[in-house]
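What follows is one structure encoded as structure tokens, with my remarks underneath.
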Amino acid sequence: MKLLNTELYQKMYLIRAAELAIQKHYMDDEMKTPMHMSMGEEAIIAGICHAMAPTDQALGTYRSHGIYLTKTMETDRFFAEMYGKVTGVAKGKGGSMHLIAPEDGLIGTSAIVGSNIPVAVGAAFANKQQQNGKQVAVFFGDGAIDEGVFWESINSACLMKLPIHFICEDNSFAVHTPDHERHGYKSIAELASQYDCHLFTSDSTDPEVIYNLMQEARAKMAKTGQPCFFHLKYYRYLEHVGIFEDFKAGYRSRDDFEAWNERDPLDLQRKKLLDMVHESDIAALEEVIDTQVDRSIKLAQAAPFPDGNVAYEDLMA
């Protein structure tokens, strides 16, 4: 149990440390990519990804930092991509929203809402055809539920009994629009329950709770062959795109943030660890990650930009 909680905290702390570093350096105007920050959703990302098998696959959205960092635990290529350098994940061409690490099971992330969902279904179909035992997890926000391709995808996955986990990270807003102004129904989970899939719901900010749900889901999928749907609530700390708070925009209140922040996933997990290990051990873990992040930023700043010919490399046609 101590090892599990330590590893979950390590993953979440890496996400938070990396994004705090982005906040610190972004106004230097050396990172030219838009930023969609993961602060607030770390428990979902860490819990789901840590429960996945090493051979399983994942696909993410434009809010991509957390899933990449959790799957890889590396920051050199990550920050190089933020700075648009040739040593980056996509040679500096993808930026924050297009991260990829197939060697670690991350098929990729996409900037277009809902576009990763049918690709994930295709990957799950290929895995079933190859009988390789791989399961796929596709992450998306509640705004993607408004896209027709989501319903087509979950319908197809249920019909064909594909090994895929649909992970809906619900913060109640599609950019600035609340769910009650978008949905002509009362409950995402209730709608999903009408499909032939296993349903899991939670509003927990404890990564261990999410981890256990994913463990249960993987076991049920292996037994029945049916896909799984997760409806997981969280609160996005910062603006939809950018590095600041946006409570003055008028579409949400600071009171909601304060309520969620009282059970911040990192604070909860750190307090839990304090009952298992000495605080100096936690501080040492944090120091290692902080040093890693600082080193990666320096390497990224010193790395060269790609030359013009790189734009014509890695093309499909």
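Computed values, structure above
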quantity: Coil-residue GluC sites (Glu not before Pro) of region 268-317, DSSP, other Cβ within 10 Å capped at 16; calculated: GLU313
quantity: Long-range HN-HN contacts of GLN57 with modeled amide H, under 5 Å; calculated: GLN135, VAL136, ALA137
quantity: By average C-beta atoms within 10 angstrom, highest first, the peptides 28-37, 162-171; calculated: 162-171, 28-37
quantity: Mean separation of Cα contacts under 8 Å, 6 or more apart, over the residue count of the chain: relative contact order %; calculated: 24 percent
quantity: Integer Hz, Karplus 6.51/-1.76/1.60 couplings in order for region 33-45, x for Gly and Pro; calculated: 9, x, 10, 10, 7, 9, 4, x, 10, 4, 5, 5, 4
quantity: Whole-Hz ³J(HN,Hα) from phi, Karplus 6.51 cos²θ - 1.76 cosθ + 1.60, for region 284-292, glycine and proline x; calculated: 5, 4, 5, 5, 4, 5, 4, 5, 4
quantity: Long-range amide H partners of SER110 with built H, under 5 Å; calculated: GLY60, THR61, TYR62
quantity: Amide H within-cut-off set for MET37, under 5 Å, with H built and near neighbours excluded; calculated: GLY242
quantity: Rel. contact order, % - alpha carbon contacts under 8 angstrom, at least six apart, region 160-249; calculated: 44 percent
quantity: Qualifying GluC sites (Glu not before Pro) for region 234-269 [loop in DSSP, other Cβ within 10 Å: at most 11]; calculated: GLU262
quantity: Taking ARG236, ARG182, ARG270 and counting other C-beta atoms within 10 Å, the order from fewest to most; calculated: ARG182, ARG270, ARG236
quantity: Projected-area mean, the chain, by convex hull of Cα positions, square nanometres; calculated: 16.9 nm²
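No lab work stands behind these numbers, since they all come straight from the coordinates. This structure is a prediction, so every number in the text was calculated from the model and none was measured. Note that we place each Cβ from the backbone using ideal geometry, even for glycine, and neighbour counts take in every protein chain shown.
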